[in-house]
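Shown next, in structure tokens, is the structure this report addresses.
The values are calculated or read from the model by the stated rules, or taken from the named source; none is laboratory data. Keep in mind the model is a prediction, meaning the values are calculated, not measured. Quick reminder, even Gly has a Cβ in these numbers, built from the backbone with ideal geometry, and neighbours come from all protein chains shown.
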Amino acid sequence: MKLNKIAALTMASAMIMSMTAFADADLSKLSGDVSCTGSSALQPLVQAAADKFAEIAPGVNITVDAGGSGQGLQNVSDGTSTVGDSDVFAEEKLDADKAAELVDHQVCAIGMAVVVSQDVADGGVKSLTTDQLVSIFTGETTNWKDVGGPDEEITLVLRPEGSGTRATFEKYALGGAEEAGEAMENDNSAELQKALQDTNGSVGYLALSYILPDEAQEAMQGIATVAIDDVEPTLENIYNGTYNVWAYEHMYTKGEADEATQAFIDYITGDFSDDVESLGYAVSSKLTKTDGHTGEAAPAGETEAQ
Amino acid sequence: MYSKGKEKTWKFFVLLCGLLMIALPIAIGIFLAVKGNALFYQYHHTLGEFLFTTTWKLKDDLVGGGKGGAAVFIVGSLIVCGLALLIAVPFSLAAAIFMTEIAPKWGTKILRPAVEIFVGIPSVVYGWIGMTVLVPFLQNVFHLKTGRSVLAGGIVLAVMIFPSITTVAADAIRAVPVSARMAAYGLGATRWQVTHQIVMPAAQTSVLTGVILGLARAFGEALAVAMVIGKTPAFPKGIFGQTATMTTVIASRMAELMEGSEAKAGLWTIAFILYLISLFFIFLIHIIAAKGAKKNK
């Protein structure tokens with residue numbers, strides 16, 4: 001307790017003395033509260049990072065909650081939380097002037113893969129073209145035999161509208177086409193995995209963070225990933241630019257981040273990088289081809305035109 | 001010891017609790033009405049669109065302009081609950097008659113507590129068992145692509161409402177005066193005739209109350225249904241098809257949507273409709289009870 005007090009005092013005086021001199025200050029003396037809400041796709045990473053960060057910066061109290069990208073952005077905008085986790089750019093959810101107040105920290109990228117139930121993969125569906133994907137997810141193609149698979153009805157197993165995972169998939173895998181047709185909807189990715197397992201002829205999509213990590217292998221029983229245009233969904237292919245279905249994960253702050261928050265974000269993009277990959281996310285700095293993934297170059301007018 | 005001050009304090013306390021009981025549901029109703037009307041006033045959808053069209057594609061932003069047709073969810077709820085009643089009512093009535101008329105001793109001692117155990121089981125447990133036992137079972141027996149279906153939802157709901165209907169019906173049947181039965185037996189009626197023509201007509205209104213209570217519970221159940229129905233926002237293709245209900249669509253979408261957005265407003269509207277439906281059921285029960293009371297006079 002006494003040590004904490006001293007630490008706090010030191011911190012306070014240090015802050016007063018030099019607001020700008022903060023660089024690699026001693027993390028163990030840092031204190032503050034950071035609350036992160038938003039994207040459920042990013043939540044596991046932020047939570048894992050927060051757990052580890054607590055060991056090196058015990059004075060910083062970090063809380064992590066999901067709630068959806070839109071809610072996260074709204075929370076950070078109105079000051080309910082210090083960080084808004086989001087799968088999408090703030091401009092896509094908030095008014096332009098509200099979005100302008102926020103500062104974007106792109107902490108990592110997340111890839112999405114098309115996944116099918118095992119019977120479909122066993123029936124010969126290993127790769128699909130973009131055109132085939134669009135045709136399947138808009139409900140035009142309804143039997144697997146039309147795309148080189150078994151004579152089986154296609155069942156779409158998706159996330160509901162509003163889901164960041166869905167938005168990313170529509171944007172980068174379907175070229176902006178909106179999913180249509182009858183589909184089972186799932187509250188979260190874990191539920192979607194279960195639905196794929198027990199529905200024959202089903203197809204859906206998952207973030208790589210639900211596919212790649214060692215801990216995910218059990219949940220992936222009875223589910224197979226499908227390549228897009230013969231490119232397998234792997235981190236390597238995302239890094240070398242051949243696999244395009246990925247999006248930046250954002251941690252938004254209102255204005256510049258305070259010291260504790262900035263230190264936490266720096267930690268995720270810095271020392272935590274190895275863990276980022278083992279959790280199935282892509283490290284931003286390794287991305288070589290980012291055309292179309294930065295906010296400005298995103299297929300323009302798409303969100304407004306819907 | 002008797003003390004006037006103490007009595008006043010307690011009287012006030014009890015009154016306060018009573019008023020709170022009345023205020024709370026009214027407050028919830030007002031809250032839902034305020035939240036739910038945004039779909040119509042702020043985002044300019046019509047009630048006709050909401051009730052009679054089938055495309056539910058509302059935007060998760062503050063601009064709006066999506067489509068808000070909830071017919072699929074309303075019909076989905078009606079079908080699944082109707083199916084649940086169809087399955088549960090015969091079983092419930094049979095069980096109620098058995099434990100009161102046929103084996104009253106054994107029925108009260110063993111069957112009744114057994115039925116009451118059902119009531120205490122949380123809905124997530126029903127859903128989970130349905131998902132791991134019933135769904136694969138239906139898939140294998142009927143050779144379906146998936147066992148998640150309207151039928152699975154109906155069966156799970158039926159199991160859930162069976163105890164409420166049974167206990168209310170059993171109480172109603174037991175309340176029929178013994179003298180009425182004795183008179184009929186005295187005239188040479190068989191047990192079936194007594195049950196069918198004397199006891200059941202006399203217990204009718206209370207039994208109906210039990211059925212409506214069961215229906216109300218079925219309408220409001222989200223979790224268990226959501227786990228087995230396949231949550232597909234389209235009209236079901238038959239009994240093995242998938243669909244979504246009013247409660248499942250709220251449960252599955254509320255977490256991802258932004259407060260104040262058009263899509264969230266749509267969910268609040270559905271919640272308000274559910275509130276109105278449960279109000280309607282309560283009124284129905286009271287009307288039936290009042291009619292029954294008149295008839296018995």
Next on the checklist: If the requirement is being in contact (Cβ under 8 Å) with a residue 40 or more places away in the chain and out of contact with any Phe, Trp or Tyr (no Cβ under 6 Å at 6 or more places or on another chain), which of these qualifies: B:Ala255, B:Ala289, B:Ala216, B:Ala203?
Outcome noted: B:Ala289
Item to check | Residue that is farthest from the other protein chains (Cβ to nearest Cβ), among those in the range A:155-174 that are within 13 Å of A:Ile136 (Cα to Cα) and in contact with a Ser or Thr (Cβ under 8 Å, 6 or more places away or on another chain) | outcome: A:Ala173
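Go through the range B:238-266 and give me each residue that's among the small types (Gly, Ala, Ser), buried (at least 24 other Cβ atoms within 10 Å of the Cβ) and not in a helix (DSSP H, G or I).
Selection gives B:Ala244, B:Ser261.
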Checklist entry - Which one of B:Ala152, B:Ala103 is within 14 Å of chain A (Cβ to nearest Cβ) and either closer than 30 Å to B:Val194 by Cβ or at pLDDT 95 or above (or both)? => result B:Ala152
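Being under 23 Å from B:Pro233 (Cα atoms), surrounded by 21 or more Cβ atoms within 10 Å (Cβ to Cβ), more than 14 Å from chain A (Cβ to nearest Cβ) and not β-branched (Val, Ile, Thr), is that true of even one residue in the range B:164-180? So that I can check it myself, show each step before the final result.
Of the residues in the range B:164-180, the ones under 23 Å from B:Pro233 (Cα atoms) are none.
No.
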Checklist entry - Can you name every residue in the range B:249-266 that is within 9 Å of another protein chain (Cβ to nearest Cβ) and within 21 Å of the chain's Cα centre (by Cα)? => result B:Val249, B:Ala251, B:Ser252
Item to check | Scan of the range A:28-52 for residues that are in contact with a helix residue (DSSP H, G or I) (Cβ under 8 Å, 6 or more places away or on another chain) and crowded, with 23+ Cβ neighbours inside 10 Å, ordered by number | outcome: A:Val34, A:Cys36, A:Thr37, A:Gly38, A:Ser39, A:Ser40, A:Ala41, A:Leu45, A:Val46, A:Ala49
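Here are B:Glu101, B:Glu49: which of them is within 30 Å of B:Ala202 (Cβ to Cβ) and acidic (Asp, Glu)?
On the way: B:Glu49 fails: within 30 Å of B:Ala202 (Cβ to Cβ).
Among B:Glu101, B:Glu49, only B:Glu101 is within 30 Å of B:Ala202 (Cβ to Cβ) and acidic (Asp, Glu).
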Item to check | Residue, surrounded by the fewest Cβ atoms within 10 Å (Cβ to Cβ), within the range B:227-237, restricted to residues that are among the aliphatic types (A, V, I, L, M) and in a loop (DSSP other than H, G, I, E, B) | outcome: B:Ala234
Checklist outcome for this item: So the helices (runs of 4 or more DSSP H) completely within the range B:49-138 holding 2 or more residues that are charged (D, E, K, R) and either touching a residue at least 24 places away in the same chain (Cβ under 8 Å) or out of contact with any Leu (no Cβ under 7 Å at 6 or more places or on another chain) (or both) are B:112-120
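Consider B:Gly29 carefully, then state whether it is closer than 23 Å to B:Glu259 by Cβ and either within 14 Å of chain A (Cβ to nearest Cβ) or surrounded by 17 or more Cβ atoms within 10 Å (Cβ to Cβ) (or both).
no
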Checklist entry - Can you tell me which residue in the range B:40-63 is surrounded by the most Cβ atoms within 10 Å (Cβ to Cβ), limited to those that are facing chain A (nearest Cβ under 9 Å) and either of a type in the set (Lys, Arg) or within 26 Å of the chain's Cα centre (by Cα) (or both)? => result B:Trp56
Next on the checklist: Of everything in the range A:45-60, what is touching a Ser or Thr at 6+ places or on another chain (Cβ under 9 Å) and farther than 16 Å from A:Thr269 by Cβ? Give them in sequence order.
Outcome noted: A:Pro58, A:Gly59, A:Val60
Item to check | Answer residue from the range A:253-295, given it is acidic (Asp, Glu), over 19 Å from A:Val64 (Cα atoms) and within 19 Å of the chain's Cα centre (by Cα) and is modelled with the highest pLDDT among those | outcome: A:Glu277
Next on the checklist: Residue under question is A:Ala247, and the condition is that it be among the hydrophobic types (A, V, I, L, M, F, W, C) and under 23 Å from A:Ala66 (Cβ atoms); does it hold?
Outcome noted: yes
Checklist entry - Right, B:Ala251: within 28 Å of B:His44 (Cβ to Cβ) and touching a Gly at 6+ places or on another chain (Cβ under 9 Å) or not? => result no
Checklist entry - What about A:Glu161, is it assigned to a loop (DSSP other than H, G, I, E, B), buried (at least 20 other Cβ atoms within 10 Å of the Cβ) and assigned by TED's automatic domain parsing to the domain that holds A:Ile228? => result yes
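Where residues in the range B:201-237 are of a type in the set (Val, Ile, Thr) and within 14 Å of chain A (Cβ to nearest Cβ), which of them is nearest to B:Arg253 (Cα to Cα)?
First pass over the range B:201-237, keeping only residues of a type in the set (Val, Ile, Thr): B:205, B:207, B:209, B:211-212, B:225, B:228-229, B:232.
Then drop every residue that is not within 14 Å of chain A (Cβ to nearest Cβ), which leaves B:225, B:228-229, B:232.
Working: B:Val225: 15, B:Val228: 17, B:Ile229: 15, B:Thr232: 13 Å.
Only one residue tops the list, namely B:Thr232.
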Item to check | Residues of the range A:97-111 satisfying the condition of being part of a helix (DSSP H, G or I) and either in contact (Cβ under 8 Å) with a residue 60 or more places away in the chain or under 18 Å from B:Glu259 (Cα atoms) (or both) | outcome: A:Lys98, A:Ala99
Next on the checklist: If A:Val116 satisfies all but one of (1) crowded, with 22+ Cβ neighbours inside 10 Å; (2) within 14 Å of chain B (Cβ to nearest Cβ); (3) at pLDDT below 95, what's the number of the condition it fails?
Outcome noted: (3)
Next on the checklist: Which numbered condition in (1) modelled with pLDDT under 90; (2) more than 10 Å from chain B (Cβ to nearest Cβ); (3) not in a helix (DSSP H, G or I) is the only one that A:Ala190 fails?
Outcome noted: (3)
Next on the checklist: Test of understanding: among A:Thr168, A:Thr141, which residue is of a type in the set (S, T, N, Q) and assigned to a loop (DSSP other than H, G, I, E, B)?
Outcome noted: A:Thr141
Checklist entry - Of the residues that make up the range A:114-128, is at least one part of a helix (DSSP H, G or I), in the same structural domain as A:Ser278 (by TED's automatic domain parsing) and not aromatic (Phe, Trp, Tyr)? => result no
Item to check | A:Met184 assigned to a loop (DSSP other than H, G, I, E, B) and among the aliphatic types (A, V, I, L, M) | outcome: no
